[in-house]
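The values are calculated or read from the model by the stated rules, or taken from the named source; none is laboratory data. The shown structure was predicted, so the numbers you read here are calculated from the model rather than taken from an experiment. Cβ placement follows ideal geometry from the backbone for every residue including glycine, while neighbour counts extend to all protein chains displayed.
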Amino acid sequence: MSDRHDTVRAIEWRDDHLLLIDQRLLPQESRYNSYDDPQAVADAIRAMVVRGAPAIGITAAYGVVLAARGRYTALGEGWRSAIAADLDLLAASRPTAVNLFWALERMRRLIATLEAGDPTPALLAEAERIHREDVAANRRMGELGAALITAGAGELLTHCNTGSLATGGYGTALGVIRSAYAAGKVARVYADETRPWLQGSRLTAWELVQDAIPVSLLADGASAHLMKQGGVQWVIVGADRIAANGDAANKIGTYAAAVSARYHGVKFMVVAPTSTVDMSLADGSGIPIEQRAPEEVLSLAGRAIAPAGAEAWNPAFDVTPATLIDAIVTEKGVVLNPTTEKMAAMMAS
Ligand code: MRU
(Lines give C-alpha, C1' and ligand atoms only; values in the text may rest on other atoms or scores of the structure.)
Protein backbone atom coordinates (compact mmCIF):
# COMPACT_ATOMS: atom_id res chain seq x y z
CA MET A 1 0.00 0.00 0.00
CA SER A 2 1.22 3.47 -0.78
CA ASP A 3 2.84 5.65 1.91
CA ARG A 4 0.81 8.61 0.66
CA HIS A 5 -1.61 7.85 3.52
CA ASP A 6 1.13 7.55 6.17
CA THR A 7 3.40 10.57 6.32
CA VAL A 8 3.86 11.29 10.05
CA ARG A 9 6.43 9.90 12.53
CA ALA A 10 6.27 10.67 16.29
CA ILE A 11 9.43 8.87 17.46
CA GLU A 12 12.86 8.78 15.86
CA TRP A 13 16.28 7.64 17.02
CA ARG A 14 18.73 9.93 15.29
CA ASP A 15 22.52 9.61 15.70
CA ASP A 16 22.79 9.12 19.45
CA HIS A 17 19.58 10.57 20.83
CA LEU A 18 15.82 10.22 20.87
CA LEU A 19 13.55 12.66 19.04
CA LEU A 20 9.88 13.02 19.98
CA ILE A 21 7.41 15.28 18.22
CA ASP A 22 5.86 17.40 20.99
CA GLN A 23 2.20 16.36 20.73
CA ARG A 24 1.16 19.08 23.18
CA LEU A 25 1.92 21.70 20.52
CA LEU A 26 0.10 20.10 17.59
CA PRO A 27 -1.52 21.08 15.31
CA GLN A 28 -0.21 24.64 15.57
CA GLU A 29 3.45 23.67 15.74
CA SER A 30 5.43 20.56 14.66
CA ARG A 31 8.46 20.61 16.93
CA TYR A 32 10.74 17.70 17.78
CA ASN A 33 12.36 17.63 21.23
CA SER A 34 15.63 15.80 21.78
CA TYR A 35 16.21 13.44 24.74
CA ASP A 36 19.33 11.85 26.12
CA ASP A 37 18.44 10.79 29.64
CA PRO A 38 15.75 8.50 31.03
CA GLN A 39 14.38 10.97 33.60
CA ALA A 40 13.51 13.40 30.79
CA VAL A 41 11.95 10.54 28.79
CA ALA A 42 9.78 9.51 31.77
CA ASP A 43 8.74 13.15 32.21
CA ALA A 44 7.87 13.38 28.49
CA ILE A 45 5.61 10.31 28.76
CA ARG A 46 3.90 11.67 31.91
CA ALA A 47 3.40 15.12 30.36
CA MET A 48 2.08 13.56 27.11
CA VAL A 49 4.76 14.94 24.82
CA VAL A 50 4.37 11.39 23.53
CA ARG A 51 1.18 9.40 24.11
CA GLY A 52 -0.74 6.45 22.74
CA ALA A 53 -0.10 2.96 24.09
CA PRO A 54 2.35 1.57 21.50
CA ALA A 55 4.22 4.89 21.24
CA ILE A 56 4.67 4.98 25.02
CA GLY A 57 6.15 1.45 24.95
CA ILE A 58 8.55 2.23 22.11
CA THR A 59 9.64 5.47 23.80
CA ALA A 60 10.29 3.65 27.09
CA ALA A 61 12.46 1.10 25.25
CA TYR A 62 14.60 3.92 23.87
CA GLY A 63 14.61 5.38 27.40
CA VAL A 64 16.26 2.14 28.59
CA VAL A 65 18.95 2.57 25.91
CA LEU A 66 19.69 6.08 27.17
CA ALA A 67 19.74 4.85 30.77
CA ALA A 68 22.15 2.00 30.02
CA ARG A 69 24.44 4.24 28.04
CA GLY A 70 24.56 6.85 30.81
CA ARG A 71 25.05 4.32 33.61
CA TYR A 72 27.74 2.40 31.67
CA THR A 73 29.66 5.62 30.93
CA ALA A 74 29.52 6.62 34.61
CA LEU A 75 29.91 3.27 36.35
CA GLY A 76 31.24 0.66 33.94
CA GLU A 77 29.92 -2.79 34.92
CA GLY A 78 28.08 -1.16 37.85
CA TRP A 79 25.42 -0.13 35.26
CA ARG A 80 23.49 -3.37 35.79
CA SER A 81 22.41 -2.65 39.35
CA ALA A 82 22.08 1.11 38.80
CA ILE A 83 19.67 0.74 35.87
CA ALA A 84 16.94 -0.79 38.07
CA ALA A 85 16.09 2.72 39.33
CA ASP A 86 15.76 3.99 35.74
CA LEU A 87 13.45 1.13 34.80
CA ASP A 88 11.28 1.93 37.85
CA LEU A 89 11.18 5.60 36.87
CA LEU A 90 10.03 4.79 33.35
CA ALA A 91 7.46 2.28 34.65
CA ALA A 92 5.97 4.94 36.96
CA SER A 93 5.31 7.39 34.12
CA ARG A 94 1.75 6.26 33.21
CA PRO A 95 -0.28 3.33 34.56
CA THR A 96 -2.87 2.18 32.03
CA ALA A 97 -1.16 1.30 28.74
CA VAL A 98 0.32 -2.15 29.24
CA ASN A 99 2.64 -1.66 26.26
CA LEU A 100 4.87 0.37 28.60
CA PHE A 101 5.38 -2.57 30.96
CA TRP A 102 5.58 -5.03 28.07
CA ALA A 103 8.42 -3.05 26.44
CA LEU A 104 10.31 -2.59 29.73
CA GLU A 105 10.02 -6.32 30.41
CA ARG A 106 11.40 -7.11 26.98
CA MET A 107 14.39 -4.82 27.60
CA ARG A 108 14.86 -6.31 31.08
CA ARG A 109 14.94 -9.84 29.63
CA LEU A 110 17.62 -8.81 27.14
CA ILE A 111 19.67 -7.12 29.87
CA ALA A 112 19.71 -10.42 31.78
CA THR A 113 21.44 -12.10 28.81
CA LEU A 114 24.09 -9.44 28.12
CA GLU A 115 27.76 -10.18 28.70
CA ALA A 116 30.34 -7.69 30.00
CA GLY A 117 31.00 -4.55 27.93
CA ASP A 118 29.00 -1.65 26.52
CA PRO A 119 25.30 -2.66 26.52
CA THR A 120 24.23 0.21 24.25
CA PRO A 121 24.43 -1.46 20.80
CA ALA A 122 22.43 -4.54 21.83
CA LEU A 123 19.78 -2.52 23.67
CA LEU A 124 19.46 -0.04 20.81
CA ALA A 125 19.00 -2.93 18.37
CA GLU A 126 16.20 -4.32 20.58
CA ALA A 127 14.45 -0.94 20.90
CA GLU A 128 14.63 -0.53 17.12
CA ARG A 129 13.23 -4.05 16.71
CA ILE A 130 10.29 -3.19 19.01
CA HIS A 131 9.73 -0.04 16.92
CA ARG A 132 9.89 -1.89 13.58
CA GLU A 133 7.69 -4.75 14.79
CA ASP A 134 5.04 -2.25 15.85
CA VAL A 135 4.90 -0.69 12.38
CA ALA A 136 4.70 -4.16 10.81
CA ALA A 137 1.90 -5.15 13.23
CA ASN A 138 0.01 -1.99 12.30
CA ARG A 139 0.30 -2.74 8.59
CA ARG A 140 -1.00 -6.28 9.15
CA MET A 141 -3.88 -5.05 11.34
CA GLY A 142 -4.65 -2.48 8.65
CA GLU A 143 -5.21 -5.28 6.14
CA LEU A 144 -7.16 -7.50 8.54
CA GLY A 145 -9.38 -4.71 9.83
CA ALA A 146 -10.04 -3.19 6.41
CA ALA A 147 -11.19 -6.61 5.20
CA LEU A 148 -14.04 -6.44 7.74
CA ILE A 149 -15.38 -3.25 6.18
CA THR A 150 -17.75 -3.83 3.32
CA ALA A 151 -17.14 -1.99 0.08
CA GLY A 152 -19.11 1.21 -0.03
CA ALA A 153 -19.34 1.33 3.76
CA GLY A 154 -18.87 5.04 3.45
CA GLU A 155 -18.59 6.40 6.96
CA LEU A 156 -16.47 5.41 9.94
CA LEU A 157 -16.30 6.93 13.41
CA THR A 158 -13.16 6.94 15.57
CA HIS A 159 -12.29 8.18 19.03
CA CYS A 160 -9.01 9.60 20.37
CA ASN A 161 -5.83 9.35 18.27
CA THR A 162 -4.58 5.93 17.22
CA GLY A 163 -2.47 6.91 14.25
CA SER A 164 1.20 7.35 13.51
CA LEU A 165 1.45 9.72 16.46
CA ALA A 166 0.21 7.03 18.88
CA THR A 167 2.35 4.19 17.51
CA GLY A 168 5.64 3.41 15.77
CA GLY A 169 3.91 4.47 12.56
CA TYR A 170 0.75 3.94 10.47
CA GLY A 171 -1.52 3.36 13.46
CA THR A 172 -3.91 0.80 14.91
CA ALA A 173 -7.52 1.93 14.41
CA LEU A 174 -6.27 4.73 12.16
CA GLY A 175 -4.17 2.14 10.29
CA VAL A 176 -7.36 0.21 9.52
CA ILE A 177 -8.99 3.45 8.43
CA ARG A 178 -5.95 4.28 6.23
CA SER A 179 -6.02 0.83 4.62
CA ALA A 180 -9.79 0.94 4.11
CA TYR A 181 -9.52 4.41 2.57
CA ALA A 182 -6.75 3.28 0.23
CA ALA A 183 -8.98 0.37 -0.81
CA GLY A 184 -11.71 2.85 -1.75
CA LYS A 185 -14.03 1.73 1.06
CA VAL A 186 -14.31 5.00 2.98
CA ALA A 187 -15.92 8.25 1.93
CA ARG A 188 -15.56 10.07 5.25
CA VAL A 189 -14.02 9.66 8.67
CA TYR A 190 -15.82 11.15 11.65
CA ALA A 191 -13.48 11.87 14.56
CA ASP A 192 -14.70 12.59 18.08
CA GLU A 193 -12.82 15.65 19.32
CA THR A 194 -11.99 13.63 22.49
CA ARG A 195 -12.29 15.89 25.48
CA PRO A 196 -10.51 16.85 27.60
CA TRP A 197 -7.12 16.55 25.85
CA LEU A 198 -8.52 16.82 22.29
CA GLN A 199 -6.52 13.98 20.75
CA GLY A 200 -9.25 13.71 18.08
CA SER A 201 -9.28 17.30 16.93
CA ARG A 202 -5.63 18.19 17.52
CA LEU A 203 -4.01 14.91 16.40
CA THR A 204 -6.35 12.60 14.44
CA ALA A 205 -7.73 15.40 12.28
CA TRP A 206 -4.15 16.66 11.76
CA GLU A 207 -2.94 13.25 10.60
CA LEU A 208 -5.92 12.75 8.29
CA VAL A 209 -5.61 16.24 6.79
CA GLN A 210 -1.86 15.61 6.21
CA ASP A 211 -2.78 12.41 4.38
CA ALA A 212 -5.67 13.93 2.41
CA ILE A 213 -8.33 11.67 3.96
CA PRO A 214 -11.69 13.48 4.42
CA VAL A 215 -12.39 14.06 8.12
CA SER A 216 -15.25 15.68 10.01
CA LEU A 217 -14.82 16.50 13.67
CA LEU A 218 -17.67 16.27 16.13
CA ALA A 219 -18.10 16.98 19.81
CA ASP A 220 -18.01 13.70 21.75
CA GLY A 221 -21.61 14.24 22.81
CA ALA A 222 -22.73 14.36 19.15
CA SER A 223 -21.71 10.80 18.31
CA ALA A 224 -24.99 9.11 19.38
CA HIS A 225 -26.92 11.56 17.20
CA LEU A 226 -24.53 10.83 14.32
CA MET A 227 -25.05 7.08 14.68
CA LYS A 228 -28.81 7.59 14.71
CA GLN A 229 -28.56 9.06 11.16
CA GLY A 230 -27.66 5.56 9.91
CA GLY A 231 -24.56 6.35 7.81
CA VAL A 232 -21.85 5.05 10.13
CA GLN A 233 -21.02 1.36 9.54
CA TRP A 234 -18.22 0.86 12.05
CA VAL A 235 -16.85 2.62 15.13
CA ILE A 236 -13.11 1.82 15.11
CA VAL A 237 -10.92 2.48 18.16
CA GLY A 238 -7.59 1.44 19.67
CA ALA A 239 -6.87 0.16 23.17
CA ASP A 240 -4.46 0.76 26.02
CA ARG A 241 -4.94 -2.63 27.65
CA ILE A 242 -7.10 -5.61 26.71
CA ALA A 243 -7.86 -8.20 29.40
CA ALA A 244 -7.89 -11.96 28.80
CA ASN A 245 -11.65 -11.96 28.17
CA GLY A 246 -11.51 -9.12 25.60
CA ASP A 247 -12.61 -6.25 27.87
CA ALA A 248 -10.73 -3.24 26.48
CA ALA A 249 -9.51 -0.07 28.20
CA ASN A 250 -9.23 2.94 25.93
CA LYS A 251 -9.58 6.72 26.02
CA ILE A 252 -12.41 8.04 28.18
CA GLY A 253 -15.55 8.17 26.07
CA THR A 254 -14.89 4.91 24.23
CA TYR A 255 -17.35 3.01 26.45
CA ALA A 256 -20.08 5.57 25.75
CA ALA A 257 -19.41 5.19 22.01
CA ALA A 258 -19.66 1.38 22.31
CA VAL A 259 -22.99 1.58 24.18
CA SER A 260 -24.33 3.94 21.52
CA ALA A 261 -23.02 1.77 18.70
CA ARG A 262 -24.79 -1.34 20.03
CA TYR A 263 -28.03 0.61 20.56
CA HIS A 264 -27.94 1.89 16.98
CA GLY A 265 -26.83 -1.36 15.34
CA VAL A 266 -23.40 0.05 14.43
CA LYS A 267 -20.46 -2.41 14.53
CA PHE A 268 -17.66 -1.78 17.04
CA MET A 269 -14.03 -2.72 16.27
CA VAL A 270 -11.02 -2.57 18.63
CA VAL A 271 -7.63 -2.61 16.91
CA ALA A 272 -4.49 -3.25 18.99
CA PRO A 273 -1.26 -5.25 18.74
CA THR A 274 -0.78 -8.25 21.04
CA SER A 275 1.62 -6.08 23.08
CA THR A 276 -1.59 -4.38 24.32
CA VAL A 277 -3.14 -7.66 25.53
CA ASP A 278 -2.65 -8.39 29.24
CA MET A 279 -3.42 -12.08 29.72
CA SER A 280 -2.65 -11.76 33.45
CA LEU A 281 -5.98 -9.95 34.00
CA ALA A 282 -9.08 -12.14 33.74
CA ASP A 283 -11.29 -9.16 32.90
CA GLY A 284 -11.25 -5.39 32.68
CA SER A 285 -12.03 -4.79 36.35
CA GLY A 286 -8.32 -5.11 37.21
CA ILE A 287 -7.10 -2.52 34.68
CA PRO A 288 -5.65 0.53 36.47
CA ILE A 289 -7.39 3.69 35.28
CA GLU A 290 -5.23 6.79 35.28
CA GLN A 291 -6.73 9.86 36.92
CA ARG A 292 -5.27 13.05 35.45
CA ALA A 293 -5.11 16.62 36.70
CA PRO A 294 -8.47 18.46 37.10
CA GLU A 295 -7.00 21.37 35.12
CA GLU A 296 -7.36 19.32 31.92
CA VAL A 297 -11.15 19.57 32.37
CA LEU A 298 -11.35 22.97 34.04
CA SER A 299 -9.34 24.78 31.37
CA LEU A 300 -8.84 24.77 27.62
CA ALA A 301 -5.68 25.95 25.86
CA GLY A 302 -4.52 27.53 29.10
CA ARG A 303 -7.76 29.46 29.76
CA ALA A 304 -10.19 28.69 32.57
CA ILE A 305 -13.54 27.39 31.28
CA ALA A 306 -15.12 26.77 34.70
CA PRO A 307 -15.72 28.99 37.70
CA ALA A 308 -13.09 29.06 40.42
CA GLY A 309 -14.23 26.60 43.07
CA ALA A 310 -15.60 23.97 40.67
CA GLU A 311 -13.90 20.60 40.98
CA ALA A 312 -13.39 18.04 38.22
CA TRP A 313 -13.36 14.26 37.84
CA ASN A 314 -10.87 13.32 35.13
CA PRO A 315 -10.41 9.59 34.47
CA ALA A 316 -8.26 9.29 31.34
CA PHE A 317 -9.63 5.88 30.30
CA ASP A 318 -12.69 3.65 30.56
CA VAL A 319 -13.28 -0.05 29.97
CA THR A 320 -15.55 -1.34 27.23
CA PRO A 321 -16.91 -4.80 28.07
CA ALA A 322 -16.12 -7.52 25.55
CA THR A 323 -19.87 -8.08 25.03
CA LEU A 324 -20.09 -4.68 23.28
CA ILE A 325 -17.16 -5.45 20.94
CA ASP A 326 -17.87 -7.07 17.56
CA ALA A 327 -14.23 -7.56 16.56
CA ILE A 328 -10.79 -7.32 18.16
CA VAL A 329 -8.11 -7.05 15.48
CA THR A 330 -4.49 -7.88 16.37
CA GLU A 331 -1.53 -8.68 14.12
CA LYS A 332 -2.17 -12.35 14.92
CA GLY A 333 -5.72 -12.31 13.65
CA VAL A 334 -9.31 -11.22 14.16
CA VAL A 335 -11.38 -12.29 17.18
CA LEU A 336 -15.10 -11.89 16.50
CA ASN A 337 -17.39 -11.49 19.55
CA PRO A 338 -14.44 -11.97 21.92
CA THR A 339 -14.45 -14.44 24.80
CA THR A 340 -11.67 -15.72 27.06
CA GLU A 341 -11.37 -18.91 24.99
CA LYS A 342 -11.16 -17.09 21.65
CA MET A 343 -8.62 -14.58 23.01
CA ALA A 344 -6.44 -17.40 24.38
CA ALA A 345 -6.56 -19.22 21.01
CA MET A 346 -5.56 -16.03 19.15
CA MET A 347 -2.69 -15.30 21.55
CA ALA A 348 -1.41 -18.89 21.25
CA SER A 349 -1.51 -18.85 17.42
O1 MRU B 1 -4.01 9.39 26.97
P2 MRU B 1 -3.54 8.91 25.63
O3 MRU B 1 -3.60 9.93 24.56
O4 MRU B 1 -2.19 8.22 25.73
O5 MRU B 1 -4.58 7.78 25.24
C6 MRU B 1 -4.43 7.12 24.02
C7 MRU B 1 -5.54 6.20 23.71
O8 MRU B 1 -6.45 5.98 24.49
C9 MRU B 1 -5.45 5.46 22.41
O10 MRU B 1 -6.71 5.23 21.88
C11 MRU B 1 -4.75 4.11 22.66
O12 MRU B 1 -3.51 4.31 23.30
C13 MRU B 1 -4.55 3.35 21.42
S14 MRU B 1 -3.30 4.12 20.45
C15 MRU B 1 -2.88 3.18 19.16
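So which residues in segment 324-338 are under 22 Å from Lys251 (Cα atoms) and either touching a residue at least 12 places away in the same chain (Cβ under 8 Å) or crowded, with 19+ Cβ neighbours inside 10 Å (or both)?
Leu324, Ile325, Asp326, Ala327, Ile328, Val329, Thr330, Glu331, Val334, Val335, Asn337, Pro338
Can you find a residue that is at pLDDT 95 or above and within 16 Å of the ligand (Cβ to nearest atom) anywhere in segment 77-91? Working first, answer last.
Kept after step one, since they are at pLDDT 95 or above, are these residues of segment 77-91: 77-91.
Going one step further and asking which of them are within 16 Å of the ligand (Cβ to nearest atom), we end up with 90-91.
Checked against the condition, which is being at pLDDT 95 or above and within 16 Å of the ligand (Cβ to nearest atom), segment 77-91 yields at least one hit.
Those residues that are among the small types (Gly, Ala, Ser), more than 18 Å from Gln199 (Cβ to Cβ) and loosely packed, with under 11 Cβ neighbours inside 10 Å, I need them from segment 286-308; list them, please.
First, the residues of segment 286-308 that are among the small types (Gly, Ala, Ser): 286, 293, 299, 301-302, 304, 306, 308.
Okay, now just the ones that are also more than 18 Å from Gln199 (Cβ to Cβ), so 286, 304, 306, 308.
Ala308, the sole residue that qualifies.
Please enumerate the residues belonging to segment 130-155 that are within 11 Å of the ligand (Cβ to nearest atom) and of a type in the set (D, E, K, R). Write out each step before concluding.
Filtering segment 130-155 for residues within 11 Å of the ligand (Cβ to nearest atom) gives 134, 137-138, 141.
Of everything in segment 130-155, just one residue is within 11 Å of the ligand (Cβ to nearest atom) and of a type in the set (D, E, K, R), namely Asp134.
Condition check: surrounded by fewer than 20 Cβ atoms within 10 Å (Cβ to Cβ), part of a helix (DSSP H, G or I) and under 16 Å from the mean Cα position of the chain (by Cα). Does Glu133 satisfy that? Even if it seems obvious, please write down each step before you answer.
Working: surrounded by fewer than 20 Cβ atoms within 10 Å (Cβ to Cβ): yes; part of a helix (DSSP H, G or I): yes; under 16 Å from the mean Cα position of the chain (by Cα): yes.
It is true that Glu133 is surrounded by fewer than 20 Cβ atoms within 10 Å (Cβ to Cβ), part of a helix (DSSP H, G or I) and under 16 Å from the mean Cα position of the chain (by Cα).
This table checks each residue for (1) hydrophobic (A, V, I, L, M, F, W, C); (2) closer than 22 Å to Leu123 by Cβ.
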position: Asp15; (1), (2): no, yes
position: Leu18; (1), (2): yes, yes
position: Pro38; (1), (2): no, yes
position: Asp43; (1), (2): no, yes
position: Ala47; (1), (2): yes, no
position: Arg51; (1), (2): no, no
position: Pro54; (1), (2): no, yes
position: Ala60; (1), (2): yes, yes
position: Gly63; (1), (2): no, yes
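On the given criteria, is Ala282 part of a loop (DSSP other than H, G, I, E, B) and not assigned by TED's automatic domain parsing to the domain that holds Arg46? Quick ask: steps written out before the conclusion?
Working: part of a loop (DSSP other than H, G, I, E, B): yes; not assigned by TED's automatic domain parsing to the domain that holds Arg46: yes.
Taking the combined requirement at face value, the residue satisfies it.
If you scan segment 163-179, which residues turn out to be within 13 Å of Ala191 (Cβ to Cβ) and over 9 Å from the mean Cα position of the chain (by Cα)?
Those that are within 13 Å of Ala191 (Cβ to Cβ) and over 9 Å from the mean Cα position of the chain (by Cα): Ala173, Leu174, Ile177.
With crowded, with 24+ Cβ neighbours inside 10 Å, within 12 Å of the ligand (Cβ to nearest atom) and under 21 Å from Val335 (Cα atoms) as the only criterion, which of Thr158, Thr167, Thr204 stands out?
Working: Thr167 fails: under 21 Å from Val335 (Cα atoms); Thr204 fails: under 21 Å from Val335 (Cα atoms).
Thr158 is the lone residue from the list that is crowded, with 24+ Cβ neighbours inside 10 Å, within 12 Å of the ligand (Cβ to nearest atom) and under 21 Å from Val335 (Cα atoms).
Tell me which residues, restricted to segment 171-197, are within 10 Å of the ligand (Cβ to nearest atom) and under 16 Å from Ser216 (Cα atoms).
Listed by number, the residues that qualify are Leu174, Thr194.
Among the residues of segment 254-271, are any in contact with a Cys (Cβ under 9 Å, 6 or more places away or on another chain) and at negative phi? Quick ask: steps written out before the conclusion?
Initial filter on segment 254-271 (in contact with a Cys (Cβ under 9 Å, 6 or more places away or on another chain)): 254.
From the residues that got through so far, the ones that are at negative phi too are 254.
Within segment 254-271 (the criterion being in contact with a Cys (Cβ under 9 Å, 6 or more places away or on another chain) and at negative phi), the answer is yes, since at least one residue qualifies.
Residues that are within 16 Å of the ligand (Cβ to nearest atom) and closer than 24 Å to Gly171 by Cβ: which strands (runs of 3 or more DSSP E) entirely in segment 285-349 hold 2 or more of them?
Answer list for segment 285-349: 317-320, 327-330.
Among the candidates Ala67, Ala127, Ala112, which residue alone is farther than 23 Å from Ile11 by Cβ and either within 16 Å of the ligand (Cβ to nearest atom) or modelled with pLDDT of 95 or more (or both)?
On the way: Ala67 fails: farther than 23 Å from Ile11 by Cβ; Ala127 fails: farther than 23 Å from Ile11 by Cβ.
That would be Ala112, the only listed residue that is farther than 23 Å from Ile11 by Cβ and either within 16 Å of the ligand (Cβ to nearest atom) or modelled with pLDDT of 95 or more (or both).
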